[in-house]
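The values are calculated or read from the model by the stated rules, or taken from the named source; none is laboratory data. Quick caveat: nothing in here was measured; it's all calculated off a predicted structure. Because the Cβ atoms are built from the backbone with ideal geometry, glycine has one as well, and the counts that use them run over all protein chains shown.
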Amino acid sequence: MGEAIPMNMMILIMAFAYVIVPILFFIELWRGKFVSRRSWLLYTVMVGLFTIYLFFIGHWDFFSYYLRIMVMVLFFIMALRSYFKVKHLPRRGPRKRWRYRLSLLLYTVLSAYFGLAVLAAWSGYFYDGKPVRLQFPLKDGVYYTGHGGNATVINYHNAYPPQAFALDIVRLNRFGTRAAGLAPDEWERFVIYGDVIYSPCTGKVTEAKDGLKQMVPFEMGEKTQEYRKKHAAGNHVIIRCQGVDILMAHMIPGSVAVKKGEPVEVGDPIGKVGNSGNTSEPHLHIHAERDGKGVPMTFEDRFLKRNSLMFSE
């Protein structure tokens with residue numbers, strides 16, 4: 001397997017998609033230089049679906065959760081302003097001009113693409129069967145779900161049956177980002193690093209692993225591939241409760257506070273968030289499994305998806 005896309009390149013791609021592209025789209029709406037109401041409508045629908053696509057699917061903890069809201073608000077402002085600039089235009093444009101017809105086709109194709117992606121993301125907000133009801137395992141912060149839900153477009157774990165409803169959780173600072181910097185290489189610069197993990201349920205520890213080294217953030221190349229594959233969960237704890245196994249992974253070495261066979265009560269400290277195992281940056285991975293299949297989880301009766309927030313005290 002070749003090297004993954006370098007993190008700096010990934011951030012540039014995300015910045016272009018989340019910031020530059022919306023700005024360019026919104027400028028065009030602001031200018032309102034359309035030749036017909038039909039072209040304006042198709043363009044606005046395309047931009048709206050793209051904005052909704054980013055709203056549901058984007059990883060906003062990199063740039064700011066607040067920016068997620070701002071982009072959506074700006075779209076509505078720009079769309080409303082442009083409407084008043086184009087409402088006097090003819091309904092149809094010059095159909096014999098190939099550029100005009102091509103632009104309509106492009107807007108339609110892109111609208112269909114973003115619309116289908118939004119529907120795929122929306123489908124991940126629902127699940128079948130009875131969930132396991134848990135207490136949120138982190139306290140004293142605003143926590144953000146980076147991966148979560150019942151669709152691969154918002155939760156890559158969903159492609160693997162045992163982890164179908166797994167969550168990757170980070171903590172946000174006052175600026176709505178998960179770290180001091182876009183891609184820091186120091187654990188301590190991630191807001192969640194070192195946060196205490198508490199047992200989400202009352203049960204029995206069936207597995208507790210400690211002593212594995214931590215990975216340098218974003219060191220995901222070939223030289224660490226064998227180690228990450230062998231120790232995917234890193235330092236971790238598995239608790240059997242309510243007939244399912246709850247795994248919490250990637251803890252700091254030396255922080256695991258329970259042993260195999262011990263009973264635990266809901267709220268007992270079991271470890272600290274770190275960056276051990278197959279992980280690109282400090283976060284808490286948690287999933288519920290029964291007989292090799294993932295089980296949906298709810299926290300305070302909420303089913304968490306990408307971009308969900310938990311305000312924990």
- Just a yes or no: is a residue in segment 117-134 free of Cβ contacts under 8 Å to residues at least 40 places away in the same chain and either in contact with a Ser or Thr (Cβ under 9 Å, 6 or more places away or on another chain) or hydroxyl-bearing (Ser, Thr, Tyr) (or both)? yes
- Task: Please work out which residue is farthest from the chain's Cα centre (by Cα), limiting yourself to segment 265-293 and to residues that are aliphatic (A, V, I, L, M) and in a strand (DSSP E or B).
- Result: Ile270
- Hey, among the residues in segment 124-146 that are in a loop (DSSP other than H, G, I, E, B) and of a type in the set (Lys, Arg), which one's farthest from Tyr198 (Cα to Cα)? Lys130
- Looking at segment 215-223, is at least one residue under 27 Å from Thr298 (Cβ atoms) and surrounded by 16 or more Cβ atoms within 10 Å (Cβ to Cβ)? no
- Just give me the residues in segment 215-240 being farther than 17 Å from Gln163 by Cα and at pLDDT 95 or above, in sequence order. Asn235
- Task: For Val205, indicate whether it is in contact (Cβ under 8 Å) with a residue 12 or more places away in the chain, assigned by TED's automatic domain parsing to the domain that holds Ala288 and assigned to a loop (DSSP other than H, G, I, E, B).
- Result: no
- Of the listed residues (Gly124, Gly148, Gly181, Gly93), the one being surrounded by 19 or more Cβ atoms within 10 Å (Cβ to Cβ) and at pLDDT below 95 is Gly93
- Query: Within segment 105-118, restricting attention to residues that are touching a helix residue (DSSP H, G or I) at 6+ places or on another chain (Cβ under 6 Å) and among the aliphatic types (A, V, I, L, M), which residue is nearest to Phe56 (Cα to Cα)?
  - Reply: Val118
- Output for Cβ contacts, cut-off 7 Å, separation at least six or different chains, first residue more than 10 Å from Phe136 (Cβ to Cβ) and in the same structural domain as Thr177 (by TED's automatic domain parsing) in segment 299-313, second among the small types (Gly, Ala, Ser) and at pLDDT 95 or above, reads Lys305/Gly124; Lys305/Gly148; Lys305/Gly149; Arg306/Gly146; Arg306/Gly148; Arg306/Gly149; Ser308/Gly148
- Message: Only one of Arg37, Arg68 is touching a helix residue (DSSP H, G or I) at 6+ places or on another chain (Cβ under 8 Å) and modelled with pLDDT under 95. Can you tell me which?
- Response: Arg37
- Task: Find the residue count for segment 154-192, including only residues that are on the phi > 0 side of the Ramachandran plot and hydroxyl-bearing (Ser, Thr, Tyr).
- Result: 0
